[in-house]
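Worksheet: the structure to be examined is printed underneath.
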Amino acid sequence: MSANPTPEILEINVIGQVCPACLLVVLKELNQRRPEINSGRLRLVISTDHRNATITVPESARKMGYQVDVIKVNKYYQIVVGQPK
């Protein structure tokens with residue numbers, strides 16, 4: 001029996017950028033790394049200080065079938081995108 005390994009974390013820092021730039025950066029990574037994310041081997045952690053990105057990025061990732069969490073951390077947000085539900 002093998003347990004699911006802890007996924008690798010890819011940190012994407014878009015602090016200081018505004019949408020749609022934040023969304024485009026994340027969508028590029030989601031599309032390029034789809035097999036790793038789908039298998040649970042990779043999780044994206046996006047750091048942003050642009051409040052609109054906390055809406056557009058999770059909405060787009062959820063439409064692609066991914067699990068998404070938004071976490072407030074001090075003066076910025078982390079958007080965690082992981083394996084599909």
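Laboratory data are not the source of any read-out in this text; all were calculated from the coordinates shown. This structure is a prediction, so every number in the text was calculated from the model and none was measured. Cβ placement follows ideal geometry from the backbone for every residue including glycine, while neighbour counts extend to all protein chains displayed.
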> All other residues with a Cβ under 15 Å from the Cβ of Val45 taken together, and with Lys, Arg as +1 and Asp, Glu as -1, what is their net charge?
Replying inline: -2
>> I'd like the antiparallel share, as a percent to the nearest 5, of DSSP beta bridges with both residues in the chain.
In response: 70 percent
> Taking Cα centroids, how far is the stretch 19-44 from the stretch 46-85 in Å?
Replying inline: 11 Å
>> Between Ser39 and Lys63, what is the label-point separation in nm under the 7 Å Cα-to-beta-carbon projection?
In response: 2.8 nm
> Hey, if you drop one equal point scatterer on each alpha-carbon of the chain and run the Debye formula without solvent, what base-10 log of I(q)/I(0) do you get at q = 0.10, 0.21, 0.22, 0.23 Å⁻¹?
Replying inline: -0.22, -0.91, -0.99, -1.08
> Quick one: net charge of Pro84's neighbours, Cβ under 11 Å, K/R +1, D/E -1?
Replying inline: +3
> In a GNM of the chain with a 10 Å cut-off on Cα contacts, which of Val73, Val18, Val57 has the highest mean-square fluctuation?
Replying inline: Val73
